[in-house]
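Working notes for the structure below.
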Amino acid sequence: MTREWDSDPGEMTASSQRALLDAMDELVLARDASGRVTEVNAAFLKAFGGERQDWIGRWFAVAPAPGTTGQARRYDAAMRTRDGAAWIEWSETTLVGGGTIAVGRDVSEERRERAEASEAARGKSVFFASVTHELRTPLSGALGAAALLKDSGLHPDQAAYLEA
């Protein structure tokens, strides 16, 4: 069986390119220099809904204007998907002829886990501060009383016990 690109290994047909993009689990979004959508893949459509032709030509921006041609930049964006609010991490590259291609993945769960870990660490810190305060206060009183007792003329064995 021959594939469409077997005839010329340097060239993929448009349908082969689309099949390749649609096979990806990541969201793919291509835009022209004005920010209008030129291509989306199946994962993008699954996340945001609609048909491919519904998106082509629409203006779609998720971040400020891109930087240097060929240089990728990463950013997270809070977005509304078909499944609700989500954090999408985008890796966007500016293309030579103008426009961009952005690849995104849902990082909502990772952000949630980081927030929970941060909250747990904050809770532990507050708990530790409270415990040390509660121990330190009566211990300081006991040490002060012991210092006064030491100055009261104890027998040598009593002074040794107090030092211990």
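The values are calculated or read from the model by the stated rules, or taken from the named source; none is laboratory data. Since the structure is predicted, the reported quantities are computational estimates derived from the model, not experimental observations. With ideal geometry, Cβ positions are generated from the backbone for all residues, glycine too; neighbour counts draw on all protein chains shown. The accessibility values were calculated without ligands, DNA or RNA, using every heavy atom of the protein model including side chains. Shrake-Rupley method; radii C 1.70, N 1.55, O 1.52, S 1.80 Å.
Can you tell me which residue in region 11-23 is modelled with the highest pLDDT, limited to those that are open to solvent by 60 Å² or more (accessible area, probe 1.4 Å) and under 19 Å from Leu95 (Cβ atoms)? Top of the filtered list is Leu20. Contact map, region 38-58: first residue under 10 Å from Leu27 (Cα atoms) and in contact (Cβ under 8 Å) with a residue 12 or more places away in the chain, second residue among the hydrophobic types (A, V, I, L, M, F, W, C) and assigned to a loop (DSSP other than H, G, I, E, B), Cβ cut-off under 7 Å, separation 6 or more or different chains; pairs are Asn41/Met24; Ala43/Met24. Filtering region 87-106 for residues that are more than 20 Å from Ala33 (Cβ to Cβ), touching a helix residue (DSSP H, G or I) at 6+ places or on another chain (Cβ under 6 Å) and open to solvent by 40 Å² or more (accessible area, probe 1.4 Å) leaves a non-empty set. Applying the condition of being in contact with an Asp or Glu (Cβ under 9 Å, 6 or more places away or on another chain) and more than 15 Å from Val40 (Cα to Cα) to region 54-66 and asking which residue is modelled with the highest pLDDT yields Ala63.
At pLDDT 80 or above and out of contact with any helix residue (DSSP H, G or I) (no Cβ under 7 Å at 6 or more places or on another chain): is that true of Asp151 in this structure?
When the stated conditions are applied, Asp151 does not pass them.
Scan region 108-136 for residues that are open to solvent by less than 80 Å² (accessible area, probe 1.4 Å) and either touching a strand residue (DSSP E or B) at 6+ places or on another chain (Cβ under 7 Å) or among the β-branched types (Val, Ile, Thr) (or both) and the total you get is 4.
Can you tell me which residue in region 24-36 is least open to solvent (accessible area, probe 1.4 Å), limited to those that are part of a loop (DSSP other than H, G, I, E, B) and among the aliphatic types (A, V, I, L, M)?
It comes out as Met24.
Only one entry in Glu39, Glu51 is closer than 25 Å to Ala19 by Cβ, surrounded by 13 or more Cβ atoms within 10 Å (Cβ to Cβ) and modelled with pLDDT of 90 or more, namely Glu39. When Gly99 is tested against (1) of a type outside the set (Ser, Thr, Tyr); (2) in contact with a Lys or Arg (Cβ under 7 Å, 6 or more places away or on another chain); (3) without any contact (Cβ under 8 Å) to a residue 24 or more places away in the chain, just one condition goes unmet, and that condition is (3). Entry remark, region 25-37: residues being of a type in the set (A, V, I, L, M) and either over 18 Å from Ala72 (Cβ atoms) or free of Cβ contacts under 8 Å to residues at least 40 places away in the same chain (or both) number 1 in total.
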